[in-house]
1. Please state which of the following conditions Gly83 fails to meet, knowing it meets all the rest: (1) at negative phi; (2) surrounded by fewer than 16 Cβ atoms within 10 Å (Cβ to Cβ).
2. Could you please give the count of residues in segment 113-151 that are buried (at least 20 other Cβ atoms within 10 Å of the Cβ) and over 19 Å from Ser66 (Cα atoms)?
3. For residues that are closer than 23 Å to Ala42 by Cβ, of a type in the set (Asp, Glu) and surrounded by 14 or more Cβ atoms within 10 Å (Cβ to Cβ), tally how many sit in segment 1-28.
4. Take the residues in segment 50-62 that are crowded, with 16+ Cβ neighbours inside 10 Å and over 11 Å from the mean Cα position of the chain (by Cα), then tell me which one is modelled with the lowest pLDDT.
5. Mind telling me which of the residues Asp120, Asp90 ends up being under 14 Å from the mean Cα position of the chain (by Cα), of a type in the set (Asp, Glu) and modelled with pLDDT of 95 or more?
6. Inside segment 1-49, can you point out the residues that are outside any strand (DSSP E or B), of a type in the set (D, E, K, R) and either modelled with pLDDT under 95 or in contact with a helix residue (DSSP H, G or I) (Cβ under 9 Å, 6 or more places away or on another chain) (or both)?
7. Residue check: is Tyr96 buried (at least 21 other Cβ atoms within 10 Å of the Cβ), assigned to a loop (DSSP other than H, G, I, E, B) and touching a residue at least 24 places away in the same chain (Cβ under 8 Å)?
8. So for segment 99-112 (the condition being under 19 Å from Glu9 (Cα atoms), buried (at least 18 other Cβ atoms within 10 Å of the Cβ) and free of Cβ contacts under 8 Å to residues at least 60 places away in the same chain), does at least one residue qualify?
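The values are calculated or read from the model by the stated rules, or taken from the named source; none is laboratory data. Model, not experiment: these values are computed from the prediction. Cβ coordinates were reconstructed from backbone atoms using ideal geometry, including for glycine residues, and neighbour counts include every protein chain displayed.
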Amino acid sequence: MELKSKAFERGGLIPAKYTCDGEDVSPPLNWSDTPAGTKSHAIISDDPDAPVGTWVHWVIWNIPASARALDENLPKSASLPNGAKQGTTDFRRIGYGGPCPPSGTHRYFFKLYALDTMLDLPASTTKKDLEKAMQGHILGQAELIGKYRRR
């Protein structure tokens, strides 16, 4: 599988639009080469460089198996029109929360998972809960890393 964004290059800088310095909207993502047997996709986005330990920016699952992209600026709601569900981030809210590092340049990992199942999880779901629910169901995964430093 390969995960990309038309908003930033692999290892490149994430535009301010997708951060707390801008509109704080989710970036557009697209992927290819989903494994046979995929029933849904999930994405976890986090920052391992945060001073308090890895900071979770996005938790989304039950993205349809037929999907190959997520549009920019997804609603910050528990359920999306395509059937996907969003969980709770370390900002203590549902939906995408963009990069907002207190100092220095941080790396932001967008991790895509192809799953052999749909997951029945509540909106209070965290990264830890999602990772536990995905155990034994991951058919493939891909990763996109972007960087950001505050102005």
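1. (1)
2. Residues in segment 113-151 being buried (at least 20 other Cβ atoms within 10 Å of the Cβ) and over 19 Å from Ser66 (Cα atoms): 6 in total.
3. 1
4. Step by step, filter segment 50-62, then rank; the result is Ala50.
5. Values: Asp120 fails: under 14 Å from the mean Cα position of the chain (by Cα).
None of the others qualify; the one that does is Asp90.
6. Glu23, Asp24, Asp33
7. Yes, satisfied.
8. Looking through segment 99-112, at least one residue is under 19 Å from Glu9 (Cα atoms), buried (at least 18 other Cβ atoms within 10 Å of the Cβ) and free of Cβ contacts under 8 Å to residues at least 60 places away in the same chain.
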